[in-house]
Amino acid sequence: MRIRATVAVVSGALALSAFGVPAATADDGRTWTPDFGLSAPEQSNGRMAARSVTADDDLKITKAVVNGGKAIVVGTTAPKKVTVAITATDDSGIADAGTLLWIGSDLGSDDSFGFEQNEDAAKCKAVNATTSTCTLTVTVDPAWLLNSDTTTWKVAAAVLSNDGQVVQQDAFAKTKLQRLSKITVNAAPEPVKKGKTITVTGKLSRANWDTATYKGYATQAVKLQFRKKSSTAYTTVKTIKSSSTGALKTTVKASADGYWRYSFAGTSTTPTVTAAGDFVDVK
């Protein structure tokens with residue numbers, strides 16, 4: 001059980017103050033109010049409680065898109081603010097919405113952990129008389145993350161209609177969380193005679209949430225790419241693997257003026273990253 005998770009879940013405000021609903025308070029003073037003023041959810045030491053409520057058959061959530069459909073990439077220190085766009089429909093129209101990004105076996109379980117929406121109100125834009133898309137923000141703070149959190153997260157979505165009805169789904173959609181990656185390159189010597197050897201070094205690293213530092217990403221396939229000075233396109237010269245510390249090193253023959261770079265395609269836990277080209281003048 002991750003004890004700190006019980007604190008992290010209240011860093012935002014799924015309480016949805018725009019509804020004028022007071023927060024339920026747990027025995028230890030922490031609060032969570034995801035139910036829009038319906039019956040108060042069961043609290044257990046301040047943990048997130050599960051609900052699956054449909055108060056009106058006409059009220060439906062049709063879509064939830066997190067971060068524009070892209071994975072959420074988080075570094076070591078800077079909190080990442082992401083958008084969640086929830087689309088819903090009801091005969092009376094849509095008044096407001098709420099969201100929670102979470103992981104765990106169940107919202108009410110001991111292993112549940114998540115980030116609630118920020119306190120700013122949802123911005124709902126009508127698509128037509130019955131349908132609206134409500135945009136909210138959630139701040140993912142790496143101070144609360146562990147490396148094992150690089151996985152698929154669930155998206156809880158809740159909507160309030162203009163006639164006061166509510167629908168809430170605890171796992172309506174999914175999103176991915178990834179550890180920010182970095183890559184460097186240095187081609188030397190500069191300048192170099194044509195036909196001589198160029199040594200290209202660099203490093204592939206990624207955020208380590210356990211230590212709040214960047215650590216080398218070991219034994220990963222990385223492409224060495226070259227672009228002639230007169231060209232706009234890079235071509236792959238060879239593929240190498242990073243060392244146990246994430247170090248990159250290989251040699252090539254100097255043939256023409258141009259730019260050398262390393263490019264990493266990414267993995268399920270780590271996004272793609274490409275270094276800026278390092279220019280080498282060939283004499």
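Each peptide in 193-205, 174-186 gets a packing score, the mean of other Cβ atoms within 10 Å over its residues, and the list from highest to lowest is 174-186, 193-205.
Ratio to report: Rg/Rh of the range 166-206, with Cα atoms as the point set and Rh obtained by the Kirkwood method; give two decimals.
Dividing the radius of gyration by the Kirkwood radius yields 1.54.
Here the simple spin-label model places points 7 Å from the Cα toward Cβ, and for K193 and T232 these points are separated by 3.6 nm.
Less than 5 angstrom separates the built amide H of L180 from those of V74, G75, A207, all sequence-distant by 5 or more or on a different chain.
Once you sort the root eigenvalues of the Cα gyration tensor of the range 231-271 as a ≥ b ≥ c, which label holds: rounded (a/c under 1.5), prolate (a/b larger than b/c) or oblate (the other case)? Walk me through the intermediate numbers first.
Details: a/c = 3.17, a/b = 1.54, b/c = 2.06.
Judged from the Cα gyration tensor, the range 231-271 comes out oblate (a/c at least 1.5, b/c at or above a/b).
A convex hull fitted around the alpha carbon atoms of the range 199-282 yields 94 Å³ per residue.
Under 1.5 on a/c is rounded, so check that first for the range 134-217, then, if it is not, pick prolate when a/b is larger than b/c and oblate when it is not; a ≥ b ≥ c are the square roots of the alpha carbon gyration tensor eigenvalues. Prolate.
Could you give the Stokes-Einstein D for the range 90-192 in µm² per second, using the C-alpha Kirkwood radius, 25 °C, 0.890 mPa s? Rounded to a whole number, D works out at 150 µm²/s.
Taken together, the values in this text are just the output of simple stated rules run on the coordinates, not laboratory data. Please read all numbers here as calculations on a predicted model, not as lab measurements. FYI the Cβ positions are ideal-geometry reconstructions off the backbone, even for glycines, and counts take in every protein chain you see.
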